[in-house]
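What follows draws every value from the coordinates through simple rules; no lab data is involved. Note that this is a predicted model, so its numbers are computed, not measured. Note that each Cβ is placed from the backbone with ideal geometry, even for glycine, and that neighbours are counted across all protein chains shown.
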Amino acid sequence: MAKNKKTLSNWLNNRHILIIQNEEDFSHKATYNFTYARVVFFSLIAFILIFVISFYLVNTVLAQWFDPTHAERETRKDLVTMSLSLDSLATELENRDLFIQSMKRVLDGDQPTDDEAIDDVNTSKVQLSQSSSSQEIDSLFKSEFETGGDFLLGQRIDNIELRQTYLFSPISGYVSQPFDPRNEHFGIDVVSKKDEPVKCIADGTVIFASWTQDAGNVIAVQHKENLISVYKHNSALTKEVGNFISAGEILAIIGNTGELTNGPHLHFELWYNGSAVNPEDFIVF
């Protein structure tokens, strides 16, 4: 009888038994049936898994450990992000400083020159509409200024957001002089008891706290929604510039300081989006 010819297929598919015995007493422990085809298949699967895992690690975790350029690339990305953030912060600070300086001029009673006023209006107009030309803005401002229009009041602004905000009354009393912007009275005068504390209408940050010749002791607070409250003619101030103040917190004491006063009272102003608004429309005194 001729012997069966051994082929690769036969070698791979021949069944084998692996018996595991105890070395001391040769007792049976386990038996495994296998073929070389199965061994090759599972070995190939294991090799592929190890290769995929190794490739993933080399391109992710290990790249951070062994790639000398990885840290440099990440540092450059962080520097670009920080540079953009710094530029944005610098712009915000510059705009804030310009706004505070404008408010100080208003509180001090300084009248801007024509050039300064035109520059301020041009800036606000450009921010509202990039498509407006500078000539149209100049002519609009000059027309309002020469006719005595309420250019400080700006355009008819939408006070819906402001009306939805709850504001504390700064002081209890009666209004002796109402809001009258046409006569340059951009707030209201409230008469109250002697040494009555003046309270903040909402949470905010003090942006001005100083003495002025016309208004005496003045303090101004920046609130959210582009709202600023101003308190004039105080006998004393309890807060300084940069202090954060909560709604209802005392910031001054009613007084009679400054040249533009004829008795103890609080002159209170509200500025919304850079325009003076009537405080009685939003607060009950």
Checklist entry - Is the shape of region 8-59 best called rounded, prolate or oblate, per the rule: a/c under 1.5 gives rounded, else a/b larger than b/c gives prolate, else oblate, with a ≥ b ≥ c the square roots of the Cα gyration tensor eigenvalues? => result oblate
Next on the checklist: Let me make sure I get this right: for region 165-228, a, b and c are the square roots of the gyration tensor eigenvalues over alpha carbons, sorted descending. Under 1.5 in a/c it's rounded, otherwise prolate if a/b > b/c, else oblate. Which is it?
Outcome noted: rounded
Next on the checklist: For the pair Ser176/Phe51, report the inter-label distance in nm, with labels modelled 7 Å from Cα in the Cβ direction.
Outcome noted: 9.3 nm
